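S.K.: Please read through the structure below; I'll follow up with questions.
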Amino acid sequence: MAVIGISCFYHDSAVACIDRNGEIICAVQEERFSRLRHDKRFPIHSLNFCISEIAKLGEEIEAIVFYENSAIKFERLARSSIKTGASNRIEFNQIMGKWLGKHLYQVNELTEHINKLLPNFNIDERLFVMKHHDAHSASAFFPSPFEEAAILTLDGVGEISTASIGIGKNNKIQSIKEMHFPNSLGLLYSAFTFHTGFKVNSGEYKMMGLAPYGKPVYAERIKKIFVDIKDDGSFLVNNKYFDFFCKDTIINELFDEALGVPRRNESDVMSSVYADVAASIQNVIEEILVKIVNNIKKETGLDYLCFAGGVALNSVANGIIAKKCDLKGFWIQPAAGDAGGALGAAYYYHHQICNNSRKVTAHKDKMQGAYLGPEFTQVDIDRTLKAMGAKYSYIGMDSICNTVAQLLTCGNTIAWFQGRMEFGPRALGNRSIIADPRRSDMQKKLNLLVKKRESFRPFAPSILMEESQKWFELQCENPYMLFVSKVNNDKLTKNTHICKSEIFSKQEHSQIPAVTHIDNSARMQTVNSKTNTLYHELISSFYKLTGCPLIINTSFNVRGEPIVCSPEDAFKCFVNTELDYLAIGPYLVKLADQDQLVLWKLKQSFHAD
């Protein structure tokens, strides 16, 4: 009997399902099918895919679980609306109108969609609704490699909770402490994301990448004016400066004056002052998180920690926690945001409600490397490429790794499309763009010509697990790119001069300059031969040719677009970049060989993300 979890209606809609033994069958985000980034609509394509995967296994669907309780959320919104209604009359009318007209009855919408795909499913008895932070907690603990651990969840806001601390043991989780709206670490970070000119709920990772270019000169001002931090890491946000009720702005007119820096418009040229703002709020977030984690260990007596919620995707802060907090084990749900709530909902029902036993394998989680989405056969790929008018060569799976590795050594940029699609925000070697990290010009080339995004955005390296300690300070596996670590000193070069006349101008300062950020850090991915045999073989081939056991790995997409899902998505994305090759299954596609009419028909423009 399979259990399906669903998350939707806010952002990053997703569906996940687990089998009768608690093993993940599949997990997918709706945006990958709909091609609408952060798609929040009911995930009809994802649900359809999961139903088909369950049918292949001959499983029946025992239950469908929704990751949020709309009644509790409505109560919180109503209270906030009443408090701010006089000053935000337009927002008040819009939000209350939506909720009274539709959102409050989300179960009805769920029922309508589920009935279309599963007409014989007994919704009255087998559709369940749970709390948002319980879903996050379940996603953090139940797939983890720990028998017992403390659980931390931090995000913008669920129904009313913004943070929770709990304990997981065997097949049960228990919440022991919560923080409530409007005191939210996620919303605080999003407020500064908006102030620096990026989009809320999608630009936070940009601000994280911007922070190393600045200095935390505003950190003390932030702590003095905007947020009161207690010794245990709990905090109070000064609501005088925020408008969390209004999603479009988050901050009010008093914010800029108090900070002493005017808000940057999205189209404005980036300047060093905003790098300083980014560095400052990042510094404050890290201070709060370290205090929270240290206090959790003190209160629970547990040396193992599981982490989920949108804040858990701050890989820089995660690296600080791993370095400064005395933990024996630290596991983060790779789909830590709302998408992962779908997986948590399924697991919560399976263990917490049904009391099914939980099997734990030491040092091995249940995420299967996060390779949980659709995969495509050689026949599927061949048929698609022919239909789209592509010109391509058959290389064969036995030769594809060595062929691509040789192309990388020549400076080529390559789209790599293999196996099952990843679940979560990171490309982990199955829907990736890859390149040679030793080339100092590769970061700028990929950002401006291929990804079509800001030049300061860093790239991640994928490194052979067995070689990782020789190159990076972080002494643990990092298969999901959830920790940022410093490059080892012996891999740095003496030239660390930064050009002050241009904020993002820097000279080569490591042996792998294309993946070394301005502060000598990298958000690396360790690649295990058992988890992703083909990708490990590719990097090994590159290692044999170059003596360098890592390659650049960035997501296979362009700005504003979701990561590619299907062979059709892959070819469309490929021809709209300036990538040199596409390695898709056993085939190799060279951009220079493509018919100009085909390229013209598929050409498109991309909106800013």
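Bear in mind these aren't lab numbers, they're just calculated from the coordinates by the rules spelled out. Bear in mind the structure is a predicted one, so any value in this text is a computation, not a measurement. All Cβ positions, even for glycine, are placed from backbone atoms using ideal geometry, and neighbour counts span all protein chains on display.
S.K.: Using 0.36 nm per residue of separation minus the Cα-Cα distance, give me the extension gain between residue 236 and residue 36 in nm, one decimal.
M.R.: On the way: separation 200, 0.36 × 200 = 72.00 nm, distance 3.53 nm.
68.5 nm is the gain from fully extending residue 236 to residue 36.
S.K.: Hey, another quick one. Taking the Cα centre of the chain as origin, sum charge times position over the Cβ atoms of Lys and Arg (+1) and Asp and Glu (-1), and report the length of that vector in debye to the nearest 20.
M.R.: With Lys and Arg at +1 and Asp and Glu at -1, about 820 debye.
S.K.: Counting pairs of alpha carbon atoms under 8 Å apart in space and at least six apart in sequence, what relative contact order in percent does the chain give? Working shown, then result.
M.R.: Values: 1277 pairs, mean separation 92.8, N = 609.
Relative contact order, the chain: 15 percent.
S.K.: Write down, largest first, the equivalent ellipsoid semi-axes of the range 211-325 in whole Å, where each equals the square root of 5 times an eigenvalue of the alpha-carbon gyration tensor.
M.R.: Taking √(5λ) for each Cα gyration eigenvalue gives 28, 17, 13 Å.
S.K.: Between residue 112 and residue 490, what is the FRET efficiency for a Förster distance of 56 Å, r being their Cβ-Cβ separation, to the nearest 0.05?
M.R.: Using R0 = 56 Å, I get an efficiency of 0.40.
S.K.: Tell me, rounded to the nearest percent, the portion of alpha carbon pairs in the range 293-354 spaced more than 13 Å apart. Let's see the in-between values first.
M.R.: Details: 1250 of 1891 pairs.
Value for the range 293-354: 66 percent of Cα pairs lie more than 13 Å apart.
S.K.: I've got another one for you. What whole-number distance in Å separates the alpha-carbon centres of the range 403-464 and the range 546-596?
M.R.: Computed from Cα coordinates, the inter-centre distance equals 9 Å.
S.K.: Could you size up the charge dipole of the range 378-602 around its Cα centre, putting +1 on the beta carbon of Lys and Arg and -1 on that of Asp and Glu, and report it in debye to the nearest 20?
M.R.: For the range 378-602, the charge dipole is close to 440 debye.
S.K.: To continue, here is another question. Please report, ordered by residue number, every helix of the chain (full DSSP H runs) that is 30 Å or longer along its axis going by C-alpha atoms and whose mean Kyte-Doolittle hydropathy reaches -0.5.
M.R.: Helices passing the filter in the chain: 272-300.
S.K.: Provide the FRET efficiency to the nearest 0.05 for the residue 57-residue 534 pair, computing r from the beta carbons and using R0 = 22 Å.
M.R.: On the way: r = 24 Å, r/R0 = 1.08.
Working from the Cβ atoms, E equals 0.40.
S.K.: When you count, for each residue, the other Cβ atoms within 10 Å and take the mean per peptide, how do 305-316, 539-550, 592-603 rank with the highest first?
M.R.: Top of the packing list down: 305-316, 539-550, 592-603.
S.K.: So, one more: Only counting other Cβ atoms within 10 Å, I'd like 565, 354 sorted with the fewest neighbours first.
M.R.: 354, 565
S.K.: Taking the number of other C-beta atoms within 10 Å as the exposure measure, put 493, 361 in order starting with the fewest.
M.R.: If I rank by nearby Cβ atoms, fewest first, I get 361, 493.
S.K.: I've got another one for you. What is the Cα convex hull volume of the range 316-426 when expressed per residue in Å³?
M.R.: For the range 316-426, the hull spanned by Cα atoms encloses 219 Å³ per residue.
S.K.: Hey, another quick one. Please sort 228-241, 18-31 by packing, taking for each peptide the average over its residues of neighbouring beta carbons within 10 angstrom, highest first.
M.R.: 18-31, 228-241
S.K.: Would you mind checking which residues have amide H under 5 Å from residue 330's amide H? H placed 1.01 Å from N; only 5 or more apart, or other chain.
M.R.: Amide H to amide H, under 5 Å and 5 or more residues apart or across chains, residue 330 pairs with 305.
S.K.: A further question on this structure: May I ask which residue of 589, 397, 329 lies farthest towards the positive end of the charge dipole of the chain, with charges of +1 (Lys, Arg) and -1 (Asp, Glu) on Cβ and the Cα centre as origin?
M.R.: Selected residue: 589.
S.K.: Order these by the 10 Å Cβ neighbour count, fewest first: 468, 357, 202.
M.R.: Ranking 468, 357, 202 by Cβ neighbours within 10 Å, fewest first, gives 357, 202, 468.
S.K.: State which entries of 169/199; 324/445; 223/491; 445/494; 328/486 exceed 31 angstrom in Cα-Cα distance in the structure shown.
M.R.: Correct reply: 169/199; 324/445; 223/491.
S.K.: Taking 51 Å as R0, compute the FRET efficiency from the Cβ-Cβ separation of residue 397 and residue 253 and round it to 0.05.
M.R.: That pair, residue 397 with residue 253, gives E of 0.30.
S.K.: In the chain, with Lys and Arg counted as +1 and Asp and Glu as -1 at Cβ, which of these residues, 306, 133, 316, has the Cα nearest the positive end of the dipole, that is, farthest along it?
M.R.: Farthest towards the positive end: 316.
S.K.: Okay, moving on. Take the alpha carbon atoms of the range 378-602, find their radius of gyration, then divide it by 2.2 N^0.38 Å using N residues; give the quotient.
M.R.: Taking the Cα Rg and dividing by 2.2 N^0.38 Å, one obtains 0.99.
S.K.: May I pose another question? What number, in nm² with one decimal, is the all-direction average of the projected area of the convex hull of the alpha-carbon atoms of the range 549-589?
M.R.: Numbers: hull surface 14.2 nm².
The number I arrive at for the range 549-589 is 3.6 nm².
S.K.: For the range 388-458, what is the Kirkwood hydrodynamic radius in Å, using each pair of distinct C-alpha atoms?
M.R.: With all distinct Cα pairs of the range 388-458 included, I get 13.9 Å.
S.K.: Would you work out the relative contact order for the range 378-602, in percent, from Cα pairs under 8 angstrom that are 6 or more residues apart?
M.R.: 34
S.K.: Mind checking the log10 I(q)/I(0) for the chain at q = 0.07, 0.10, 0.11 Å⁻¹? Debye, one equal scatterer per Cα, no solvent, two decimals.
M.R.: Summing over Cα pairs of the chain leads to -0.41, -0.89, -1.09.
S.K.: Can you give the Rg/Rh ratio of the range 254-303, where Rg is from the C-alpha atoms and Rh is the Kirkwood radius? If you can, show how the numbers build up before the last one.
M.R.: Details: Rg = 16.6 Å, Rh = 13.4 Å.
Rg divided by Rh gives 1.24.
S.K.: Calculate the radius of gyration of the Cα atoms of the range 419-464 to one decimal place, then report Dmax, the largest Cα-Cα distance, as a whole number, both in Å.
M.R.: Expressed in Å, the Cα Rg and Dmax of the range 419-464 come to 11.6, 32.
S.K.: Local charge sum around residue 163 (other residues, Cβ-Cβ under 11 Å, Lys/Arg +1, Asp/Glu -1)? Numbers along the way, then the final one.
M.R.: Details: positive: 177; negative: 155, 178.
It works out to a net charge of -1.
S.K.: Provide the per-residue ³J(HN,Hα) series for the range 388-396, in order, calculated from phi with Karplus coefficients 6.51, -1.76, 1.60 and θ = phi - 60°, each as a whole number of Hz, with x at glycine and proline positions.
M.R.: Per residue, the Karplus-derived 3J(HN,Hα) values read 8, x, 6, 9, 8, 10, 8, 9, x Hz.
S.K.: As a test of the definition: which semi-axes, in Å, follow for the range 95-231 when you take the square root of five times each eigenvalue of its alpha carbon gyration tensor? Largest first, please.
M.R.: Details: eigenvalues 232, 104, 44 Å².
Largest first, the range 95-231 gives 34, 23, 15 Å.
S.K.: Scan around residue 163 for amide H atoms under 5 Å from its own, H built in the peptide plane at 1.01 Å from N, and keep only partners 5 or more places away or cross-chain.
M.R.: Distant-sequence amide H within range of residue 163: 179.
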